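Asks: Have a look at this one before I ask anything.
Rule-based calculations on the coordinates, nothing more; no lab input. None of the values given here were measured: they were computed from a predicted structure. Note: ideal-geometry Cβ built from the backbone for every residue, glycine included; neighbour counts use all protein chains shown.
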Amino acid sequence: MSNDIAIAATHEIEVRDLEYRRAEDGPLLARLYRPKGSGPFPALIDVHGGAWASGDRLNYAPLDIALARSGIVVLAIDFRMPPRHHYPASIADIHYATRWLKAHAAEFGTRRDLVAGLGTSSGAHQLLVSALKPNDPRYAALPLAEAPGEDASLPYLVLCWPISDPLARYRMVKEKGRTPLIQSHDAYWNSEAEMAEGNPQRIVEAGRRPACRRRSSCKALATTTSPPTWPTSLWRPGAPRAARSSCTNSPASRTPSSCAIPPTTTHAAPPSWCAISC
């Protein structure tokens, strides 16, 4: 990632690593980027991508630094990955880290209600599953002693090229013969049944989704590893079809295609789910 990010810098920042959880095979670390000042600042938990099997908390350090300099607390986390760990271990770590950041928000110059999420690619997928099912016992399996009543719900997410349907993506890359991506899927998931279970698109279609107070527009980045049709129901499930965003991906193109909820649409109640995607 380029270090030249066009976000206005308004704050000096502090950067440090800390341990947010002790796993069976060692500490799980997070890098904290904190604006200097009294706050409270908005906050993001940053979940990196890497096809579920690679990367670390430093993947998007230039972006995290730029966000912090603009006045946002960022906690970029490591989590368990293949080959030693598989689904749903990483989502349990992300779920725990979300609760941990909310519980410790005051220490970092923010508030629990100001904590939201930022995820890229497979990280966006995992963050989305955690946020869609904040009380699921599989993902909430790690107790947080200092805040046992905390959950992993978030007011909004920033999702960058999310793998919103891992089963559809798996079948697509198998059809296209994309061996590295096939191997990454197989390293993380034990079966297609698991891909169907930890599947944001299917969770949303089944109606199991959290409340969201915000509307959004999006820029859908078309890539050769995205499903042929962008899953528009992720933007506004439960809303009338005409009120949902309209997006399509051209797998052969890397030109961003725009999609947005029509601005003239009115609703009697806030949308039941939304995401900001770039």
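Asks: Given Cβ point charges of +1 (Lys, Arg) and -1 (Asp, Glu) and nothing else, what value in debye, to the nearest 20, does the dipole of the range 1-99 about its Cα centre take?
Replies: Roughly 200 debye for the range 1-99.
Asks: For the range 11-20, just list the computed ³J(HN,Hα) in residue order, Karplus coefficients 6.51, -1.76 and 1.60, θ = phi - 60°, integers in Hz, with x standing in for Gly and Pro.
Replies: 9, 6, 10, 10, 10, 7, 8, 8, 9, 9
Asks: Related question: Which whole-Hz couplings ³J(HN,Hα) result when phi for each residue of the range 185-200 is put into the Karplus expression 6.51 cos²θ - 1.76 cosθ + 1.60, θ = phi - 60°, listed in order with x for Gly and Pro?
Replies: 4, 5, 6, 9, 9, 8, 6, 5, 4, 5, 5, 6, 6, x, 10, x
Asks: Taking the highest mean first, how do the peptides 133-141, 156-164 order by number of other beta carbon atoms within 10 angstrom per residue?
Replies: In decreasing order of mean packing, 133-141, 156-164 become 156-164, 133-141.
Asks: Okay, moving on. Reachable aspartates and glutamates from LYS176, Cα under 18 Å, same-chain residues fewer than 8 places away excluded?
Replies: By straight Cα distance, LYS176 reaches ASP165, ASP186, GLU192.
Asks: Okay, next question. If you project the alpha carbons of the range 91-210 onto their three principal axes, what span does each projection cover, largest first, in Å?
Replies: Cα extents, longest axis first: 48, 26, 25 Å.
Asks: Alpha carbon centre of the range 47-101 versus the range 134-173: separation in Å?
Replies: Here the answer is 12 Å between Cα centres.
Asks: Something else: For a quick check: with amide H placed at 1.01 Å from N, whose amide H comes under 5 Å from LEU44's, ignoring anything fewer than 5 positions away on the same chain?
Replies: VAL73, VAL74, LEU75, ALA116
Asks: Amide H of ILE13 versus every other amide H placed in the peptide plane: which residues, excluding those fewer than 5 positions away on the same chain, fall under 5 Å?
Replies: Amide H neighbours of ILE13, under 5 Å, 5+ apart: LYS36.
Asks: Show me 142-150, 69-77 ranked by packing, highest mean number of other Cβ atoms within 10 Å first.
Replies: Put in order of decreasing packing, that is 69-77, 142-150.
Asks: Moving on. Normalise the Debye intensity by I(0) for the range 72-120, one equal point scatterer per Cα, no solvent, then take log10 at q = 0.17, 0.20, 0.22, 0.33 Å⁻¹ and round to two decimals.
Replies: -0.54, -0.70, -0.79, -1.30
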